[in-house]
1. Suppose we keep only residues that are farther than 19 Å from GLY85 by Cα and of a type in the set (D, E, K, R) within the stretch 49-68. Which one would you say is surrounded by the fewest Cβ atoms within 10 Å (Cβ to Cβ)?
2. Assuming LEU95 fulfils every condition listed in (1) under 14 Å from the mean Cα position of the chain (by Cα); (2) surrounded by 11 or more Cβ atoms within 10 Å (Cβ to Cβ); (3) more than 21 Å from GLY37 (Cβ to Cβ) apart from one, which condition is it?
3. Look through PRO137, PRO103 and report the one residue that is surrounded by fewer than 16 Cβ atoms within 10 Å (Cβ to Cβ) and touching a Gly at 6+ places or on another chain (Cβ under 6 Å).
4. Could you list all residues from the stretch 49-71 that are within 20 Å of GLN91 (Cα to Cα) and part of a helix (DSSP H, G or I)?
5. What do you reckon, is ALA47 hydrophobic (A, V, I, L, M, F, W, C), in contact with a Lys or Arg (Cβ under 7 Å, 6 or more places away or on another chain) and within 21 Å of ILE7 (Cβ to Cβ)?
6. Name the residue, out of ALA53, ALA65, that is touching a Gly at 6+ places or on another chain (Cβ under 9 Å), closer than 20 Å to ARG36 by Cβ and at pLDDT 95 or above.
Amino acid sequence: MRAIRKIVEAGIPVMGHLGLTPQSVLAFGGYPVKGRGAEADTLFDDARRLEDAGCFGLVLEKVPAALAARVTQALSIPTIGIGAGPDCDGQVLVLNDMLGIDPSFAPRFVRRYAEVGAAVREAATRYCAEVRDGGFPTAAHSYAEEPPA
């Protein structure tokens, strides 16, 4: 928390992040729910510490909804949930998840608003084929030299 305080004192806004931290999925061995059982009190205390250190807001990711509600109620800074239930002050989803870019990645908390993954794969396949066979780029996609002045 000392580092966060120093960053804030230097005039740099800090958004805290508790629960699942995607950069740590290898250490966690996957995408587990965080803050269950005895871990709930630790996460709650950490949320208060982040607020005290000067964070302007807090992301709560993949934590039980009741814990996220408890944290949101206790803090004066806004909470943003991602897989943390409806009681956070705001919500966020990863664009690739909500658009269905990778159909094999479907965490419980994601609602798909489109399934564009197949269209993206089809477009990339066509592009690669046209580059390989010389169909792209053509003269229409190239620039000519400017005439001399």
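The values are calculated or read from the model by the stated rules, or taken from the named source; none is laboratory data. Given the structure is predicted, the values throughout are model-derived calculations rather than measurements. Neighbour counts run over all protein chains shown; Cβ positions are idealised from the backbone, glycine included.
1. So the first thing to find is which residues in the stretch 49-68 are farther than 19 Å from GLY85 by Cα, and the list is 49-56.
Within this subset, residues satisfying the condition of being of a type in the set (D, E, K, R) are 49, 51-52.
Values: ARG49: 14, GLU51: 18, ASP52: 11.
Of everything passing the filter in the stretch 49-68, ASP52 is surrounded by the fewest Cβ atoms within 10 Å (Cβ to Cβ).
2. (2)
3. Working: PRO137 fails: touching a Gly at 6+ places or on another chain (Cβ under 6 Å).
One residue alone meets the criteria, PRO103.
4. The initial filter retains those residues of the stretch 49-71 that are within 20 Å of GLN91 (Cα to Cα), namely 50-51, 55-71.
Residues satisfying the conditions are LEU50, GLU51, ALA65, ALA66, LEU67, ALA68, ALA69, ARG70, VAL71.
5. On the way: hydrophobic (A, V, I, L, M, F, W, C): yes; in contact with a Lys or Arg (Cβ under 7 Å, 6 or more places away or on another chain): no; within 21 Å of ILE7 (Cβ to Cβ): yes.
Criteria not met by ALA47.
6. ALA65
Yes or no, residue by residue, for (1) touching a Leu at 6+ places or on another chain (Cβ under 7 Å); (2) surrounded by 12 or more Cβ atoms within 10 Å (Cβ to Cβ); (3) of a type outside the set (A, V, I, L, M, F, W, C); (4) part of a helix (DSSP H, G or I):
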residue: ALA3; (1), (2), (3), (4): no, no, no, yes
residue: LYS6; (1), (2), (3), (4): no, yes, yes, yes
residue: LEU18; (1), (2), (3), (4): yes, yes, no, no
residue: GLN23; (1), (2), (3), (4): no, no, yes, yes
residue: LEU26; (1), (2), (3), (4): no, no, no, yes
residue: TYR31; (1), (2), (3), (4): yes, yes, yes, no
residue: ARG36; (1), (2), (3), (4): no, yes, yes, no
residue: THR42; (1), (2), (3), (4): no, yes, yes, yes
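Results for (1) touching a Phe, Trp or Tyr at 6+ places or on another chain (Cβ under 9 Å); (2) assigned to a loop (DSSP other than H, G, I, E, B), shown as yes or no for each residue.
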{"residue": "PRO103", "(1), (2)": "no, yes"}
{"residue": "PHE109", "(1), (2)": "no, yes"}
{"residue": "GLU115", "(1), (2)": "no, yes"}
{"residue": "ALA119", "(1), (2)": "no, no"}
{"residue": "ALA123", "(1), (2)": "no, no"}
{"residue": "GLU130", "(1), (2)": "yes, no"}
